[in-house]
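Data first, discussion second: the structure below is written as structure tokens.
The values are calculated or read from the model by the stated rules, or taken from the named source; none is laboratory data. Keep in mind the model is a prediction, meaning the values are calculated, not measured. So basically every Cβ, Gly included, is an ideal-geometry build from the backbone, and we count neighbours across all protein chains shown.
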Amino acid sequence: MIGGAFVFNAVAHAYDLTDENTQPNKYAAGVREQLIWLHRDWQPGFGLDDPQQRTDWPVEILARTLFLESDVDMAATHTLRLDSYFKDGLCARHKTVEAVRRWPQRFVGYVGVDPTQGLDVCLRELDEQLDELPEAVGLKLYPAQVNPLRSWRMDDPKLAFPLFARAQERGIKTIAVHKASPLGPVPLNPYLVDDIDIAADEFPELSFEIVHAGIAFAEETAMALARYPNVYANLEVTTALITASPGMFEQVMAQFLFWGGPSKILWSDGSMVFHSQPLLERFADFTFSDRTLNTYGIPQLTADDRAAILGGNYARILGIDPNAARARIADDEFSRERRQTGLQAPYSNWRTFLEAA
């Protein structure tokens, strides 16, 4: 909680960036180095060095980083299916299960499938994962794979729509699709946001998260927020612009607020690539310049706006009562340790783990 607001981080990960897990192709090597570069250069001064990042990040360290080193109250962890880049998809299914099972008061989970493998495979794997983790709330998808290059579309009535229908039948509330940030030197087209519209219209009871919203195609994303009540901007990585490129962050947020309003924006950061606390602190103090307010004709952010963005919107989508969630974590293991130690230093738990390994 920061400034009285319940903080629900909509994307957090425990990656495996080891040599052994990286697929032997140029795209995989490039994406791994891109993640390491983001960690190093978009939050300079307190991150880990490059070799330290090329490790298998434990779920327990993710939890301790989130809940002992930052003001995050709850987080979503995703099963990733970047199978053509990483042998376990980058964030393995068992890590999602571990997080949700060990700390159900702190984590919600997303299952993941790869639609480039075809509908039958997707439906089978979706059912298998939901049989194992029936409390999962979301489905995470990537629009393309590599080696060979291949892609699919969210508005494909023969592939995507049966998948979304099965997910909805099984209790999934939200579909999160990676957009706006191409994974290496690959075709841009799959990362456009023009295939969200028909999917959102066809499945009005599902929410659709445009992940990495605003890194590119901010205007198109903002228009989708305005036109479809069930489309949301997920700010994973975008939040890091608040330190890496504050002017760009201000422009992206202004467009989203003008077209969609504060109820359509979901806070996330992609922890542990980025550390949550510095971004939360910057956002707590963030205000629009007079020039931006006049350019976009928007009001200044209010405390209620910040609370909605930081966690209220995401909690509403998932049907979670923030007050009840606060009560569930008030005396859990993280809250008790936090009361003894205070806010722990950024990445201190990760460093302790690496030193003991």
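Sub-7 Å Cβ pairs linking a first residue in the stretch 181-192 that is under 17 Å from N234 (Cβ atoms) and surrounded by 15 or more Cβ atoms within 10 Å (Cβ to Cβ) to a second residue that is among the charged types (D, E, K, R) and at pLDDT 95 or above, at least 6 apart or interchain, are Y191/K179, ordered by first then second residue.
Evaluate the stretch 167-189: report whether one residue or more is in contact with an Asp or Glu (Cβ under 8 Å, 6 or more places away or on another chain), farther than 19 Å from L82 by Cβ and among the β-branched types (V, I, T). Yes, the stretch 167-189 contains at least one residue that is in contact with an Asp or Glu (Cβ under 8 Å, 6 or more places away or on another chain), farther than 19 Å from L82 by Cβ and among the β-branched types (V, I, T).
Among the residues here, P157 qualifies as over 30 Å from R326 (Cβ atoms) and assigned to a loop (DSSP other than H, G, I, E, B). Of everything in the stretch 62-112, what is of a type outside the set (S, T, Y), in a helix (DSSP H, G or I) and over 19 Å from V7 (Cβ atoms)? Give them in sequence order. Within the stretch 62-112, R93, H94, K95, V97, E98, R101, R102 qualify. Exactly one of (1) outside any loop (DSSP other than H, G, I, E, B); (2) touching a Leu at 6+ places or on another chain (Cβ under 9 Å); (3) surrounded by fewer than 19 Cβ atoms within 10 Å (Cβ to Cβ) is unmet by E125. Its number? Going through (1) outside any loop (DSSP other than H, G, I, E, B); (2) touching a Leu at 6+ places or on another chain (Cβ under 9 Å); (3) surrounded by fewer than 19 Cβ atoms within 10 Å (Cβ to Cβ) one by one, E125 breaks only (2). Taken over the stretch 255-277, the criterion of being more than 17 Å from A180 (Cβ to Cβ) and crowded, with 19+ Cβ neighbours inside 10 Å is satisfied by L257, P262, S271, M272, H275, S276, Q277. Annotation: P148 fulfils all but one of (1) in contact (Cβ under 8 Å) with a residue 12 or more places away in the chain; (2) over 26 Å from P229 (Cβ atoms); the unmet one is (1).
Of all residues in the stretch 93-110, those that are farther than 17 Å from R328 by Cα and surrounded by 21 or more Cβ atoms within 10 Å (Cβ to Cβ) total 4.
The listed residues are L80, L62, L90, L38, and the only one of them that is buried (at least 23 other Cβ atoms within 10 Å of the Cβ) and either on the phi > 0 side of the Ramachandran plot or at pLDDT below 95 (or both) turns out to be L90. Checked against the criterion of being of a type in the set (A, V, I, L, M) and farther than 27 Å from Y15 by Cβ, the candidates L241, L257 yield just one match: L257. Those helices (runs of 4 or more DSSP H) of the stretch 203-313 in which at least 1 residues are of a type in the set (S, T, N, Q) and at pLDDT 95 or above, considering only elements entirely within it, cover 218-227, 246-259, 276-285, 290-296. Within the stretch 193-219, the set of residues being acidic (D, E) and either surrounded by fewer than 17 Cβ atoms within 10 Å (Cβ to Cβ) or in contact with a Gly (Cβ under 9 Å, 6 or more places away or on another chain) (or both) comprises D194, D201, E202, E205, E209, E219.
Considered as a group, the residues in the stretch 41-59 that are aromatic (F, W, Y) and surrounded by fewer than 20 Cβ atoms within 10 Å (Cβ to Cβ) include one that is nearest to A330 (Cα to Cα), and that residue is F46.
Annotation note: of R153, R170, the sole residue that is under 21 Å from the mean Cα position of the chain (by Cα) and basic (K, R) is R153. Would you please list the contacts, defined by Cβ atoms under 7 Å and residues six or more apart or on different chains, that run from a residue in the stretch 163-178 that is buried (at least 17 other Cβ atoms within 10 Å of the Cβ) to a residue that is modelled with pLDDT of 95 or more and aromatic (F, W, Y)? Short answer, once both residue conditions are applied: F164/F203; I175/F164; I175/F208; A176/Y110; H178/Y142. The residue of the stretch 23-32 that is surrounded by the fewest Cβ atoms within 10 Å (Cβ to Cβ), among those that are within 13 Å of F86 (Cβ to Cβ) and either touching a residue at least 12 places away in the same chain (Cβ under 8 Å) or charged (D, E, K, R) (or both), is N25. Filtering the stretch 1-51 to residues that are in contact with a helix residue (DSSP H, G or I) (Cβ under 8 Å, 6 or more places away or on another chain), part of a loop (DSSP other than H, G, I, E, B) and among the β-branched types (V, I, T) leaves only V7.
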